[in-house]
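The values are calculated or read from the model by the stated rules, or taken from the named source; none is laboratory data. Keep in mind that what you see is a predicted model, and the values were worked out from it rather than measured. All Cβ positions, glycine included, derive from the backbone under ideal geometry; neighbour counts span all protein chains shown.
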Amino acid sequence: MIFNLIYITNGSLFSIWIVLVIFTYIYEKIKAKNFILAHTYTMFKNLKFDSFLNGNH
């Protein structure tokens, strides 16, 4: 289905599709690598924010 669509549009959609696939792949790789770091940062930020709201600073 998607390949028929690519051949009909004379390759212009194909290049866009390839770029999207590559971008998504790289994004998933980076997200998987930095997941623990980002999660820890978010938890730390939430803890600081919660303590600030509670007045324990």
Expected output for region 15-31 (first residue surrounded by 10 or more Cβ atoms within 10 Å (Cβ to Cβ), partner not in a helix (DSSP H, G or I), Cβ below 7 Å, 6+ apart or cross-chain) is none
Filtering helices (runs of 4 or more DSSP H) wholly in the chain for at least 1 residues that are modelled with pLDDT of 75 or more and within 21 Å of the chain's Cα centre (by Cα) gives 12-33, 35-54
